[in-house]
Amino acid sequence: MEDSSIHYIIAGQGVLQKQLETLAFCLGVSKQVHFLGYRDDIADIMKVVDIYCLPSFREGLNVSLMEAIASGLPWIASDIRGNRDLFRKGKGCLLPPDNPEVWAECLKGVRDNLVEKKLNNEILDFSKDKVEKKMRYIYRIQKIL
């Protein structure tokens, strides 16, 4: 999926970091892939991201996925041992780790759903009841002044 608005954040350290940085550069996405290194503020990071993705080929019982689930983020993870143990229908999505097209399609669907929910929540600010309440407040303030 070619979308410059999507950014991928990788927190932590590992022996593959240089290899991943090179891959991101070769794929032309190095401005969208952010290597944060070791962090002790993961809960704060989870508050500002939209989707949690774990495209691993091998995991145990992954703590970062547990943190994402606990934070209430929509999540997408590889359908592998460990991740399957944490899966609950309707709360996330397990995908084959070796199929980037499926990942791109799923990410697009989750993103579009999030955008639609945000727009729906924003438009609720203009519901008849809320507008009337705001207008009454404004008129009360005007009478006081």
Self-check item: Sites matching trypsin sites (Lys or Arg not before Pro) across the range 23-118 that sit in DSSP coil, with at most 14 neighbouring C-beta atoms within 10 Å
Solution: Lys31, Arg39, Arg58, Arg81, Arg88, Lys89, Lys91
Practice problem: Provide the per residue accessible area, probe 1.4 Å, for the chain, rounded to a whole number of square angstrom. | Solution: 77
Practice problem: Can you tell me how much longer the chain between Asp44 and Gln32 gets when fully stretched, taken as 0.36 nm per residue apart minus their C-alpha distance, in nm with one decimal? | Solution: 2.3 nm
Exercise. Order these peptides, 127-136, 61-70, by their mean beta-carbon neighbour count within 10 angstrom, highest first.
Key: 61-70, 127-136
Exercise. Show the residues, 5+ positions off or on another chain, whose built amide H is closer than 5 Å to the amide H of Leu36.
Key: Ile10, Ala11, Gly12
Quiz item: Treating the beta-carbon of each Lys and Arg as +1 and of each Asp and Glu as -1, no other charges, what is the dipole magnitude of the chain about its Cα centre, to the nearest 20 debye?
Solution: 880
Practice problem: Quick one: which residues, 5+ away or cross-chain, put their amide H under 5 Å from the amide H of Cys53? H built at 1.01 Å from N. | Solution: Ile76
Exercise. Figure the gain on full extension for Asn113 and Ile10 (residue separation times 0.36 nm, minus the Cα-Cα span) and round it to one decimal in nm.
Key: 34.8 nm
Exercise. Return the carbon/sulfur percentage of the accessible area of the range 1-56, one whole number, probe 1.4 Å, all protein chains in place.
Key: 57
Exercise. State, as an integer percentage, the relative contact order of the range 1-96 based on alpha-carbon contacts under 8 Å between residues 6 or more apart.
Key: 21
Quiz item: Hey, any idea what the orientation-averaged projected area of the convex hull of the chain's Cα atoms comes to, in nm²?
Solution: 12.6
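The values are calculated or read from the model by the stated rules, or taken from the named source; none is laboratory data. Because the structure is a prediction, the values reported are computed rather than measured. Cβ: placed from backbone, ideal geometry, glycine included. Neighbour counts: every protein chain shown. SASA here: full protein model, heavy atoms, side chains in, ligands and nucleic acids out. Shrake-Rupley method; radii C 1.70, N 1.55, O 1.52, S 1.80 Å.
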